[in-house]
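The values are calculated or read from the model by the stated rules, or taken from the named source; none is laboratory data. This one's a predicted model, so the numbers in the text were calculated from it and none came from an experiment. Don't worry about glycine lacking a Cβ; one is built from the backbone with ideal geometry, like all the others, and counts go over all protein chains shown. Just the protein is used for accessible areas: all its heavy atoms, side chains included, with ligands, DNA and RNA removed. Shrake-Rupley method; radii C 1.70, N 1.55, O 1.52, S 1.80 Å.
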Amino acid sequence: MVQTSVIGCGNMGSALITGLHRSGNHTVTACDLDPDALEAVADYVEHTTTDVSEAAEADVVVVAVKPDIVGAVLDDLELSSEQTLVSIAAGVSTDYVGARTDANVVRIMPNLAAETGNMAAAVTGDDVPDDVLELLDDVGEFAEVDERQMDIATAVNGSGPAFVFYLIQAIKEAGIDGGLAADDAETLAAQTFKGAAETVLRSDEELDDLIDAVCSPNGTTIEGMEVLWDSTAKEDVAAAVNAAEERSGELAAEFSDE
């Protein structure tokens, strides 16, 4: 098993820990200064600690803290060139992290679906070892990208779940307005997104072709799609992604100035 530690057991760190536990392929140490955060993940790890030096004993050390405290954590973290440090902090470049550690640095942008093994993650680094690729594979799907693409990846798969939740909510509310019970509308809307996503991942067809496959001539779907095609929905979603990308770039600029 891969010896892995996760420093920072907030939303993303705890989701990753839970997903790694589900896979059964990792021995995990959880590190956080908050005892409540450690208690919340205690059942999913081999060991919990408030001591960064204990977390530093793992082969793969994941730093899952807020961007503004990454520097402080790295100052206390002594790693060798034989170890890999995985940074999750939005906007914090591999150059920034690499200048503060001897370890091999890999940067990832995951999302909270790691908890259920359905994560989408972007990964970048000069040398991404098999241990890290296997870790990512155990909790979802990933794409290896260039460092300069991490801002847009942060927007697409890091911020993307919130945009999808918004769209699920919109469809749910339309179902409720049409007479469905709230629980039924939520189940149908959420499962529809889940099934559609699986279809995209498993199919070789283009998205436009998948849309056409659902749109029978003179049927119900084509009527709804006509409304979307005539709207600015696509542009509005793109604007949301672009806004998240710009914010990621602003965060990156703050760190490059340090």
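Determine the sum of side-chain charges near G175: Lys and Arg each +1, Asp and Glu each -1, restricted to other residues whose C-beta is under 9 angstrom from that of G175.
Details: positive: K172; negative: E173, D177, D184, E186.
Residues close to G175 contribute a combined charge of -3.
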- Please label the shape of the range 134-258 as rounded, prolate or oblate, based on the square roots a ≥ b ≥ c of the eigenvalues of the alpha-carbon gyration tensor (a/c under 1.5 means rounded; beyond that, a/b larger than b/c means prolate, else oblate). prolate
- Using alpha-carbon positions, what is the distance between the centroids of the range 190-204 and the range 110-168, in Å? 17
- Message: Among Q3, M109, S87, which residue has its Cα furthest toward the positive end of the charge dipole of the range 1-124, with +1 on Lys/Arg Cβ and -1 on Asp/Glu Cβ?
- Response: M109
- Note on the structure: the chain: spread of alpha-carbon positions along the three principal axes, whole Å, largest first, is 65, 40, 32
- Task: Round to the nearest 10 and give me the degree value, 0 to 90, for the angle of helix 182-202's Cα axis relative to the longest principal axis of the chain.
- Result: 70
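How large is the charge dipole for the chain, taken about the Cα centre, if only the Cβ atoms of Lys, Arg (+1) and Asp, Glu (-1) carry charge, to the nearest 20 debye?
Using Cβ point charges on Lys, Arg, Asp and Glu, the chain gives about 460 debye.
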- Query: In the chain, what percentage of the DSSP-assigned beta bridges are antiparallel, given to the nearest 5?
  - Reply: 10
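Take the alpha carbon gyration tensor of the range 1-133, find the square roots of its eigenvalues, order them as a ≥ b ≥ c, and report rounded if a/c is under 1.5; if not, report prolate when a/b exceeds b/c, else oblate. Before the final figure, lay out the partial values.
Details: a/c = 1.38, a/b = 1.20, b/c = 1.15.
The shape class here is rounded.
Please report the antiparallel percentage of the DSSP beta bridges confined to the range 1-133, to the nearest 5. Show your work: numbers first, answer last.
Values: 3 of 24 bridges.
Rounded to the nearest five, the antiparallel share is 10 percent.
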- Task: Take the chain, connect every pair of alpha-carbon atoms lying under 10 Å apart with a spring to form a Gaussian network, then pick out the residue of E173, E82, E205 with the largest mean-square fluctuation.
- Result: E205
- Compute, for L228, the solvent-accessible surface of its heavy atoms (probe 1.4 Å) with the complete set of protein chains present, and express it in square angstrom to the nearest 10. 90
- Under 26 Å from the Cα of K172, which lysines turn up, not counting those fewer than eight places away in the same chain? K194, K234
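Might you tell me the accessible area per residue for the chain, computed with a 1.4 Å probe and given in Å²? It would help to have the intermediate numbers written out before the result.
Working: 14620 Å² over 258 residues.
Ligands and nucleic acids excluded, the figure is 57 Å² per residue.
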- Size of electric dipole in the range 159-258: Cβ of Lys, Arg +1 and of Asp, Glu -1, about Cα centre, debye, nearest 20: 360
- Select from N157, W229, S203 the residue farthest towards the positive end of the dipole of the range 139-241; place +1 on Cβ of Lys and Arg, -1 on Cβ of Asp and Glu, and compute about the Cα centre. N157
- How long is the gain from A143 to F163 if the chain were fully straight, where each residue apart is worth 0.36 nm and the alpha carbon distance is subtracted? 5.2 nm
- Query: Under the definition of Cα pairs under 8 Å and six or more residues apart, what whole-number percent is the relative contact order of the chain?
  - Reply: 16
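Return a whole-number percent for the relative contact order of the range 1-61, with Cα pairs under 8 Å and 6 or more residues apart as the contact set.
Dividing the mean separation by the residue count of the range 1-61 yields 42 percent.
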- Message: So if I place +1 on the C-beta of Lys and Arg and -1 on the C-beta of Asp and Glu, and nothing else carries charge, what would the dipole magnitude of the range 83-154 be about its Cα centre? I want it in debye, nearest 20.
- Response: 340
- Which angle from 0 to 90°, rounded to the nearest 10, does the C-alpha axis of helix 233-256 make with the longest principal axis of the chain? 10
- Note on the structure: Here the gain from full extension of H47 to D204, 0.36 nm per residue of separation minus their alpha-carbon distance, amounts to 52.2 nm
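Once you have the alpha carbon radius of gyration of the range 142-216, what is it after dividing by 2.2 N^0.38 Å, with N set to its residue count?
Details: Rg = 15.5 Å, N = 75, 2.2 N^0.38 = 11.3 Å.
Normalised Cα radius of gyration, the range 142-216: 1.36.
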- Message: Quick check: at a probe of 1.4 Å, how many percent of the accessible area of the range 86-214 sits on carbon and sulfur atoms?
- Response: 51
- Out of A30, A189, A89, a Gaussian network model of the chain with alpha-carbon springs under 10 Å gives the largest mean-square fluctuation to A189
